[in-house]
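Written below as structure tokens is the structure these notes are about.
Taken together, the values in this text are just the output of simple stated rules run on the coordinates, not laboratory data. Not measured: the values here are computed from a predicted model. Quick reminder, even Gly has a Cβ in these numbers, built from the backbone with ideal geometry, and neighbours come from all protein chains shown.
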Amino acid sequence: MAPSVSELATALSDANPSPPRNSDTISPVNGTNSAENNNSAGPVNGSATHIVDGKAAGPTVNGLATGDLPADSIANYDVLIVGTGPAGASLACFLSSHGITGLMISSASSTADTPRAHITNIAALETLRDLGLDSECTSQATSGSCMMHTRWCHDMAGEEYARIYAWGNDPHRKGDYEMASPCAPCDLPQTLLEPILVNYATKSGFRTRFDTCFISFEDKGPAGVDTTLLDNISGKQYRVHSRYLLGADGARSRIMKQLELPLIAQAGGGTAINILVKADLTHHIKHRQGNLHWVMQPDQPHCDLGWMAIVRMVKPWHEWMFILFPKPGVPRSNPTKAEYLAQIKNFIGDDSIPAEILDISPWTINDIVAAEYSRESVFCLGDTVHRHPPFNGLGSNTCIQDSFNLAWKIAYVMKGRASPKLLETYSLERQPVGQSISTRANVSFRQHSRIWESLGMFPDSLSKRVAILDELSSPTTKGQLRRQNLQAAIAGTAHEFHGLGIEMNQFYSGPGIYSMDEPDPFRLEGLAAENPVMHYMRSTYPGKRLPHAWLNKKCPVQPISTVDLAGKGGFTLITGIGGASWEQAANTVSKELQVQIQSCAIGFSLEWVDMYSEWEKVRGVKESGAILVRPDRFVAWRSQEVLLDENACENKLLEVMRSVLGLSA
Ligand SMILES: Cc1cc2nc3c(=O)[nH]c(=O)nc-3n(C[C@H](O)[C@H](O)[C@H](O)COP(=O)(O)OP(=O)(O)OC[C@H]3O[C@@H](n4cnc5c(N)ncnc54)[C@H](O)[C@@H]3O)c2cc1C
């Protein structure tokens, strides 16, 4: 009998009894970026007053050798970011766009050298659009037909069992994606994303130091944080003082360890092995395009080092990541490169194609989320606080959105425009997102077992597996049932490959949002209520992301999105016909609080025209109403209509702004 999902998960975990780790268990980076190459940044706000001349290693902290530190030697920066992955590097970008700079470090010697994350979703791309980086990302990414399918097959050259449209390419779903955002999903390997981000951050004034290890920190309360760093090259240590320490040091975070933030951990799913392979499969792929190919061979003896694989496109169609799942219950061994290559060739299924292994790196399938993301002056983000498998492609995308949420809050507090209380909303808003995506990714993984079962992957006996595979094409009732089961299981993966809802439906609540004027609590409606993983509901309810609608000028020019009206470091107040008093109020309150509040009017013959009358459908307020959008493009508050007079509008807006910024008494 096929094992249940929980039995399977247990078997996978038992087979790999390693402590929780995640995708950053990649072997040491062999990057070529030297520290010098990456330190060409321009002037910074923080002045490096005195870089310490550390002495030879003595005692150890966190298992790393330390030198003696002269107590008065310290470098000062506004912020210190640990990690140059998607979380740390994007945070540096967003902070620098607010004029906040600092030091960003990584223990590796370069940006990512293996292409782990790749699916870049529209929610993450919208945040990068705020910096104008979305077009650079899409120009380096692959999209469209290259990522249009996920397939299940016997081998890359052989029989296909099934396929499903993926990542916005389902003809039934294309419109949903286009209606949801001005951006389109793309496939951008982490090896290409990180340099884009680090380049932007350093050119905007962030100092970047590779080969630099975080060792420990001392939180000094409102005075900031003193952090001890180790320069891997000289072996010397120095200390950095910063107002905030930002922990983006990935799944094996030392910062989290020192902070002792509570972790919510569920049983993990064992280990997977990433094998980066050079093999030109162009002629086989011509009629099998897609960026994910599950390879399963029930009619072959199960190979211990990979009883099945996901073959992921890296560079169409000559570089691939073979993600191997070791056979459950088999003790961990150390296969040679030749053994791996033999299995890779088996999964390719065409011996005439030369294949070369470029990298081998194991990672662990986790389900771990921190219960809180911050303490005092230390804020954690990315895989540091949420660790889960790559199903649904939510990892790096969520890291980038954590940064976008955190950056404006840090900037506003540092510039004295908001109370430090605003920073408490970071964990409050982002932790539930981390929790939900981690759960989703693990559910998606487990749901694959129904496909494995339908294809006959589970029995130990080869003859039983062959019989099941044969049954799939038999004209019997059992055969028909098996085919139906397979089709239903494949259809179910739409939750993974068209999970627009889990990508876009985030909803924030708490003091960073003003929902007191709403008569009813927020409720999902329509398709999103039926299936919130698959379907996104556009709404201006406070706490929801600003919905996208195309706008233009009276005399048409290049259209822009409502999303483009907001962001860029400031608040935005959107109104319409009859809402002139709101525009006046935005001006006055902006001056009073010294906070940018840009007003925009959308409506017939106004500054912006609602091109397809889509804004009218989603704006959720009357024409004269107002929608206040935060710098991270989430709705802070809305008013159904204009108030009695300008004074009333000003008073209301002031009250709301003070509340959102934590300035209320
Ligand atoms: C096979 C696979 C496929 C994936 N596919 C996707 C996908 O399609 N889409 C998606 O969104 N996500 C995907 N992910 C997940 C994604 O890779 C991670 O979520 C993402 O890399 C996490 O980013 P991060 O910046 O938080 O951490 P990391 O990328 O792990 O970066 C951590 C950084 O901290 C540094 N660091 C660590 N310790 C120290 C220290 N002590 N001192 C100094 N620096 C330190 C590291 O050098 C690194 O720079 C995938 C993961 C895997 C394994």
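Find the centroid of the Cα atoms in the stretch 239-276 and in the stretch 504-567, then give the distance between the two in whole Å.
The stretch 239-276 and the stretch 504-567 have Cα centres separated by 32 Å.
With the dipole of the chain worked out from charges on the C-beta (+1 for Lys and Arg, -1 for Asp and Glu) around the Cα centre, which of Cys600, Leu230, Leu455 lies farthest toward the positive end?
Leu455
Could you sort the peptides 277-290, 417-430 by per-residue average Cβ neighbour count (10 Å cutoff), highest mean leading?
Numbers: 277-290: 16.2, 417-430: 19.6.
Averaged packing, sorted descending, gives the order 417-430, 277-290.
Quick check on the exposure proxy: order Thr84, Thr111, Thr477, Thr150 from fewest to most C-beta atoms within 10 angstrom. Don't skip to the end; give the middle numbers.
On the way: Thr84 31, Thr111 25, Thr477 8, Thr150 22.
Listed from fewest to most nearby Cβ atoms, that is Thr477, Thr150, Thr111, Thr84.
For the stretch 449-492, what class follows from the C-alpha gyration tensor (a ≥ b ≥ c being the square roots of its eigenvalues): rounded when a/c is under 1.5, otherwise prolate if a/b is larger than b/c, else oblate? Let's see the in-between values first.
Numbers: a/c = 3.08, a/b = 1.18, b/c = 2.61.
The shape class here is oblate.
How do His118, His302 rank when sorted from fewest to most other Cβ atoms within 10 Å of their own Cβ?
Values: His118 25, His302 16.
With the sparsest Cβ surroundings first, the list reads His302, His118.
Fewest Cβ neighbours within 10 Å first, please rank Trp637, Trp320, Trp307 accordingly.
Lowest count first: Trp307, Trp637, Trp320.
Quick one: length gained pulling Lys554 to Leu644 fully straight, 0.36 nm per residue minus the C-alpha distance? Don't skip to the end; give the middle numbers.
Working: separation 90, 0.36 × 90 = 32.40 nm, distance 2.92 nm.
Gain in length upon complete extension: 29.5 nm.
Can you tally the net charge around Leu305? Count Lys and Arg as +1, Asp and Glu as -1, for every other residue whose Cβ sits under 15 Å from the Cβ of Leu305.
The answer is +2.
Hey, got a sec? Which GluC sites (Glu not before Pro) in the stretch 109-217 land in a DSSP loop and have at most 15 other Cβ atoms within 10 Å?
Within the stretch 109-217, the qualifying GluC sites (Glu not before Pro) (loop, at most 15 other Cβ atoms within 10 Å) are Glu159.
Within 12 Å, Cβ to Cβ, of Met104, how many net charges do the neighbouring residues add up to if Lys/Arg are +1 and Asp/Glu are -1?
-1
How charged is the neighbourhood of Lys421? Take every other residue with its Cβ under 12 Å from the Cβ of Lys421, and add Lys/Arg as +1 and Asp/Glu as -1. Intermediate results must be reported in sequence, preceding the final value.
Values: positive: Lys409, Arg658; negative: Glu424.
Computed value for this residue: +1.
Go from 0 up to the bin containing the longest alpha carbon distance in the stretch 69-190, width 5 Å each, and give me the % of pairs per bin.
Per 5 Å bin, starting at 0, the Cα pair percentages come out as 2, 9, 14, 16, 16, 13, 10, 8, 5, 3, 2, 2, 1, 0.
Averaging over every viewing direction, what projected area does the convex hull of the Cα atoms of the stretch 505-660 cover, in nm²?
If I average the Cα hull's projected area over directions, I get 9.2 nm².
Quickly estimate the mean residue ellipticity at 222 nm for the chain, helices only: each DSSP H run with n ≥ 4 gives -39500 (n - 2.57), and the total goes over all residues, rounded to 500.
Mean residue ellipticity at 222 nm (helix-derived): -9000 deg cm²/dmol.
Convert 10 °C to kelvin, take the viscosity as 1.306 mPa s, use the Kirkwood radius over C-alpha pairs of the stretch 499-585 as Rh, and evaluate the Stokes-Einstein diffusion coefficient in µm²/s, rounded to a whole number.
Rounded, D is 104 µm²/s.
How would you classify the stretch 551-643 from its alpha-carbon gyration tensor, with a ≥ b ≥ c the square roots of the eigenvalues: rounded for a/c under 1.5, else prolate if a/b is greater than b/c, otherwise oblate?
Prolate, because a/c is 1.5 or more and a/b exceeds b/c.
Over the Cα atoms of the stretch 214-254, what Rg and Dmax result, in angstrom?
11.1, 33
Output the antiparallel fraction of DSSP beta bridges having both residues in the chain, as a percent to the nearest 5.
On the way: 70 of 97 bridges.
Around 70 percent of the beta bridges assigned by DSSP in the chain are antiparallel ones.
Over the chain, how many percent of alpha carbon pairs lie in each 20 Å bin up to the one with the longest distance?
It works out to 18, 49, 29, 5, 0, in whole percents.
Return the Rg/Rh value of the stretch 189-275, two decimal places, where both radii are evaluated on C-alpha atoms and Rh is the Kirkwood radius.
Looking at the stretch 189-275, the ratio lands at 1.02.
About its Cα centre, how strong a charge dipole does the stretch 116-191 have in debye, to the nearest 20, once Lys and Arg get +1 and Asp and Glu get -1 at the Cβ?
60
With the contact rule set at Cα under 8 Å and sequence spacing of 6 or more, what percent relative contact order holds for the stretch 453-577?
Computed value for the stretch 453-577: 16 percent relative contact order.
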